[in-house]
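Some notes on the structure that comes next.
Taken together, the values in this text are just the output of simple stated rules run on the coordinates, not laboratory data. Predicted, not measured: the structure shown is a model, and the values here were computed from it. Every residue, glycine as well, gets a Cβ built from its backbone with ideal geometry; the counts of neighbours run over all protein chains shown.
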Amino acid sequence: MEKISNWLLCPICGNKTRDRIREDTVLKNYPLYCPKCKQETLIEVSNSKLIVIKEPDAQPQSR
């Protein structure tokens, strides 16, 4: 029986990241990096539910 796997989506921009999870995957304090928005977010995953622990601090805009 094959396990279903899904791509982790960035909680900031909503795009796919480079990580996939199966339905039985458990992650704690995982630094999820998004190649699109170049942000790193600390997450937890259990029962295929993604929980954001800490979002990155706002970056000052350069002019």
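Quick look at the values:
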read-out: Complete set of residues in region 1-30 that are assigned to a loop (DSSP other than H, G, I, E, B), touching a residue at least 12 places away in the same chain (Cβ under 8 Å), surrounded by fewer than 14 Cβ atoms within 10 Å (Cβ to Cβ) and among the hydrophobic types (A, V, I, L, M, F, W, C); value: I4, C13, V26
read-out: Answer residue from region 22-43, given it is among the β-branched types (V, I, T) and over 10 Å from the mean Cα position of the chain (by Cα) and is nearest to I53 (Cα to Cα) among those; value: V26
read-out: Scan of region 33-50 for residues that are aliphatic (A, V, I, L, M) and either within 16 Å of G14 (Cβ to Cβ) or loosely packed, with under 12 Cβ neighbours inside 10 Å (or both), ordered by number; value: I43, L50
